[in-house]
Amino acid sequence: QQQVKQSPQSLIVQKGGISIINCAYENTAFDYFPWYQQFPGKGPALLIAIRPDVSEKKEGRFTISFNKSAKQFSLHIMDSQPGDSATYFCAASSPETSGSRLTFGEGTQLTVNP
Amino acid sequence: DAGITQSPRYKITETGRQVTLMCHQTWSHSYMFWYRQDLGHGLRLIYYSAAADITDKGEVPDGYVVSRSKTENFPLTLESATRSQTSVYFCASKQYEQYFGPGTRLTVT
């Protein structure tokens, strides 16, 4: 079964700190790994994504680190701000599935204290 | 404006009633999806569609029906609503990257 396991379930970080959310997968056919950010009452929004040909991708304060051999990827939020408080979902997809459907992790609720 | 919209945004219905949630996208994306989001379960795929008139079941299709007569619309129907279908429903569309709509909060009393 295709699964993506996400941890931690919740995370509290002080303003200015680094937030780290981890995901692990089993299916070696996965070739696309996006992260979504969801604020209360809103739909998930694509934040950043990576493909396995690179080990790291950075966009502003957000970085994805990818470890193909360990089948793990993580989201790092540098200089975390209260406005980053949201639920974050990792996901993965494989070209072998119709539409390259996304398999989602269960989400991490991030709280950044001022 | 271009994007993906859902209606209604909030709906309260009674057990046993039929209710239809609407989804419309302006990008002409091939793929469209319906998810439900419940505490402790993340996002679960209900149905998806690869193109007009092509639909397929996701993880949790029981109690739901979909249709896609036009590329831009993908309605989700609960034929006889049950309390367990109280949830937040998200529609999404995809060509290369997947984008979500704002969601519909459905309460079944």
- Task: Please work out the FRET efficiency for the pair B:Asp53 and A:Glu96, using the Cβ-Cβ distance as r and a Förster radius of 22 Å; give the result to the nearest 0.05.
- Result: 0.40
- Of A:Lys5/A:Lys58; A:Lys42/B:Lys70; A:Lys57/B:Lys11; A:Lys71/B:Lys57, which ones are farther than 31 Å apart at the Cα? A:Lys57/B:Lys11
- Query: Which residues in the range B:76-91 place their backbone N less than 12 Å from a point set 7 Å from the Cα of B:Val65 along the Cα-to-Cβ direction?
  - Reply: B:76-81
- Rounded to one decimal in Å, the inverse mean reciprocal Cα-Cα distance for the protein assembly as shown, i.e. its Kirkwood radius, is 18.1 Å
- Message: Tell me the Kirkwood radius of the range B:35-85: reciprocal of the mean inverse pair distance over distinct alpha-carbon atoms, in Å.
- Response: 11.7 Å
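Using Cβ contacts closer than 10 Å as the measure, can you line up A:Leu110, A:Leu75 from fewest to most?
With the fewest neighbours first, A:Leu110, A:Leu75 line up as A:Leu110, A:Leu75.
Could you list B:Trp27, B:Trp34 so that the one with the fewest beta carbons within 10 Å of its beta carbon is first and the one with the most is last?
On the way: B:Trp27 14, B:Trp34 27.
In increasing order of surrounding Cβ atoms, one gets B:Trp27, B:Trp34.
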- Message: Please list 3J(HN,Hα) in residue order for the range A:99-114, calculated via the Karplus relation 6.51 cos²θ - 1.76 cosθ + 1.60 where θ = phi - 60°; whole Hz, with x for glycine and proline.
- Response: x, 6, 4, 7, 9, 9, x, 7, x, 10, 8, 9, 10, 10, 7, x
- Per-residue Cβ contact counts at 10 Å, fewest first, order B:Ile46, A:Ile50, A:Ile18 as A:Ile18, A:Ile50, B:Ile46
- Item | Placed amide H near A:Ile48: partners under 5 Å, 5+ positions off or other chain | A:Trp35
- Note on the structure: Computed Rg/Rh for chain A (Cα atoms; Rh = Kirkwood radius) stands at 0.96
- Query: What nm distance separates the two modelled labels at A:Gln9 and B:Gln95, each placed 7 Å from Cα along Cα→Cβ?
  - Reply: 4.0 nm
- Item | Debye, to nearest 20: dipole size of chain A, +1 on Lys, Arg Cβ, -1 on Asp, Glu Cβ | 100 debye
- Item | Rounded to 5, the percent of DSSP beta bridges in the protein assembly as shown classed as antiparallel | 90 percent
- Note on the structure: Reduced to Cα centres, the span from the range A:1-73 to the range B:48-109 in Å works out to 25 Å
- B:Thr13 versus B:Thr26, label points 7 Å from Cα toward the beta carbon: distance in nm? 2.7 nm
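Since every read-out is calculated from the coordinates, none of them should be taken as a lab result. As the structure is a computational prediction, the values presented were derived from the model and not from experiment. Reconstructed Cβ throughout: ideal geometry from the backbone, glycine too, with neighbour counts over all protein chains shown.
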